[in-house]
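> Supplied in structure tokens, the structure appears directly below.
The values are calculated or read from the model by the stated rules, or taken from the named source; none is laboratory data. Being a predicted model, the structure only gives us computed values, none of them experimental. Cβ sites come from the backbone with ideal geometry, for glycine too, and all protein chains shown count toward neighbours.
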Amino acid sequence: MLSQLVKSHLVKASGKRAFATTVNENFLPKKYGGKYIVTLIPGDGIGKEITDSVKTIFAAENVPIDWETVELSGVSGSASQIDEAVLSLKRNKVGLKGITYTPSSPFAKSLNVALRKELDIFASLVLIKNIPGVPSKLQDIDFVLVRENTEGEYSGLEHQSVPGVVESLKIMTKYKTERIARFAFDFAIKNDRKLVTAIHKANIMKLGDGLFRSTVKEVGLAEYPGVEVKDMIVDNASMQAVSYPQQFDVMVTPNLYGSILSNIGAALIGGPGLVPGANFGREHAVFEPGCRHVGLDIKDKNVANPTGMILSATMMLRHLGLDPYADKIAKATYDVLAEGKAVTPDIGGKATTTEFTAAILSKLQS
């Protein structure tokens with residue numbers, strides 16, 4: 001199980017905690033000519049622009065990575081693309097990914113969900129913390145969302161029993177809840193976190209969310225006595241997140257609640273373009289922005305904020321044991337944000353994506 005293989009360590013960035021995960025070398029991609037081969041999935045919307053920013057920075061710093069690019073699109077793609085992406089990640093073990101668009105059509109499947117299910121990438125990790133220089137109404141925010149990625153409301157099991165009546169199945173299992181709970185508690189211990197809060201709606205969904213709530217608490221009390229465990233109803237947690245987010249340390253959630261809270265968290269610290277994230281399975285790791293916005297409305301306008309993607313890419317470098325590159329790129333990114341001279345419109349600036357990337361390159365060369 002991943003939670004038994006993971007070694008996490010702290011990396012200091014701008015005086016705040018940052019996070020990385022490295023795994024047993026058996027689960028890392030092989031090196032060819034001294035370089036790792038990493039799957040790159042630009043995705044839809046602004047995906048190509050922000051992954052191009054990462055590619056430009058990595059090339060300038062001679063980061064020992066070669067990209068295997070796979071096109072995966074919910075807008076114009078074909079069913080064969082998901083198979084190609086799965087095969088590439090099975091070969092390479094590690095990927096960097098933009099977000100793919102999911103149409104609202106009843107016959108359209110989410111490629112994001114399909115990829116996670118095919119590879120059993122069960123744990124989503126989203127880092128929510130203030131960034132110096134970025135305007136925010138609340139300060140001292142520093143919490144982590146651990147989201148179960150493969151079941152719950154995203155099980156995708158729906159049918160219309162009679163016209164006008166739809167049944168949608170929410171699947172919750174003890175096995176997968178124990179697995180995500182152990183991931184959350186392991187992360188807490190290895191990153192000096194003191195509290196894990198299980199988010200649920202067990203007052204209404206007494207069996208499904210009740211199972212999630214009780215299982216997380218059982219795992220915590222039985223196996224991780226050094227970490228405090230609490231639980232909170234999701235609607236209250238949403239209110240608490242916008243009124244007193246400093247109370248949270250690690251939040252562990254079923255699928256849908258994690259998606260909602262990651263968006264709330266992104267709003268707290270300045271917007272979706274700032275949030276890094278990662279997804280872990282038994283053998284595979286896929287790094288992508290933690291707030292999963294496609295950005296179709298700003299595609300090709302050169303105004304997207306690539307911060308979340310760049311910081312996700314530095315998490316990937318630490319996962320691969322390439323800490324010096326990760327530290328240098330993360331510091332340059334934080335320095336540009338702190339100065340505020342070349343930042344994108346979403347956080348009050350006037351710089352383009354290209355200009356923001358150039359400012360990071362300038363910091364790296366200075």
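> Assuming Arg116 fulfils every condition listed in (1) assigned to a helix (DSSP H, G or I); (2) buried (at least 22 other Cβ atoms within 10 Å of the Cβ); (3) outside the structural domain of Ser76 (by TED's automatic domain parsing) apart from one, which condition is it?
(3)
> How do the pairs read when you match residues in the range 111-134 that are closer than 29 Å to Ala330 by Cα with residues anywhere that are acidic (Asp, Glu), using Cβ under 6 Å and keeping only pairs 6 or more apart or on different chains?
Cβ pairs passing all conditions: Lys129/Asp142.
> In the range 131-158, what residues are in a strand (DSSP E or B) and surrounded by fewer than 16 Cβ atoms within 10 Å (Cβ to Cβ)?
Once the filter is applied, which keeps residues that are in a strand (DSSP E or B) and surrounded by fewer than 16 Cβ atoms within 10 Å (Cβ to Cβ), the range 131-158 yields Gly156, Leu157, Glu158.
> Another question, then. Pick from Ile298, Ile310, Ile360: which is of a type in the set (A, V, I, L, M, F, W, C) and farther than 30 Å from Tyr257 by Cβ?
Result: Ile360 is the single residue among Ile298, Ile310, Ile360 that is of a type in the set (A, V, I, L, M, F, W, C) and farther than 30 Å from Tyr257 by Cβ.
> So is Glu84 acidic (Asp, Glu) and within 16 Å of Ala285 (Cβ to Cβ) or not?
Spelling it out, it is not the case that Glu84 is acidic (Asp, Glu) and within 16 Å of Ala285 (Cβ to Cβ).
> Exactly one condition in (1) exposed (fewer than 15 other Cβ atoms within 10 Å of the Cβ); (2) part of a strand (DSSP E or B) is false for Leu87; which is it?
(2)
> Looking at this structure, is Pro106 within 17 Å of Arg318 (Cβ to Cβ), part of a loop (DSSP other than H, G, I, E, B) and modelled with pLDDT under 85? Lay out the reasoning, then the answer.
Numbers: within 17 Å of Arg318 (Cβ to Cβ): no; part of a loop (DSSP other than H, G, I, E, B): yes; modelled with pLDDT under 85: yes.
When the stated conditions are applied, Pro106 does not pass them.
> Let me ask another. Can you name the residue in the range 299-322 that is out of contact with any Ser or Thr (no Cβ under 8 Å at 6 or more places or on another chain) and more than 19 Å from Ala59 (Cβ to Cβ) and, of all such residues, is surrounded by the fewest Cβ atoms within 10 Å (Cβ to Cβ)?
Asp300
Residue by residue, here is whether (1) modelled with pLDDT under 95; (2) under 27 Å from Pro245 (Cα atoms) holds:
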site: Leu115; (1), (2): yes, no
site: Asp120; (1), (2): yes, no
site: Asn149; (1), (2): yes, yes
site: His159; (1), (2): yes, no
site: Thr197; (1), (2): no, yes
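> Go through the residues of the range 68-79 one by one and say whether even a single one is modelled with pLDDT of 75 or more, part of a strand (DSSP E or B) and more than 18 Å from the chain's Cα centre (by Cα).
yes
> Evaluate the following for Val63: is it of a type in the set (Val, Ile, Thr) and under 22 Å from Asp120 (Cβ atoms)?
No, not satisfied.
> For the range 159-259, please list each of the strands (runs of 3 or more DSSP E) lying entirely inside it that holds at least 3 residues being of a type in the set (A, V, I, L, M), surrounded by fewer than 19 Cβ atoms within 10 Å (Cβ to Cβ) and over 22 Å from the mean Cα position of the chain (by Cα).
The strands (runs of 3 or more DSSP E) meeting that bar are 165-171.
> Now a separate question. Looking only at residues in the range 281-301 that are hydrophobic (A, V, I, L, M, F, W, C) and out of contact with any His (no Cβ under 9 Å at 6 or more places or on another chain), which one is farthest from Thr102 (Cα to Cα)? Quick ask: steps written out before the conclusion?
Step one: of the range 281-301, the residues hydrophobic (A, V, I, L, M, F, W, C) are 285-287, 291, 294, 296, 298.
Applying the additional criterion that residues be out of contact with any His (no Cβ under 9 Å at 6 or more places or on another chain) yields 286, 291, 294, 296, 298.
Numbers: Val286: 18, Cys291: 15, Val294: 9, Leu296: 11, Ile298: 17 Å.
Among those residues, the one meeting the criterion is Val286.
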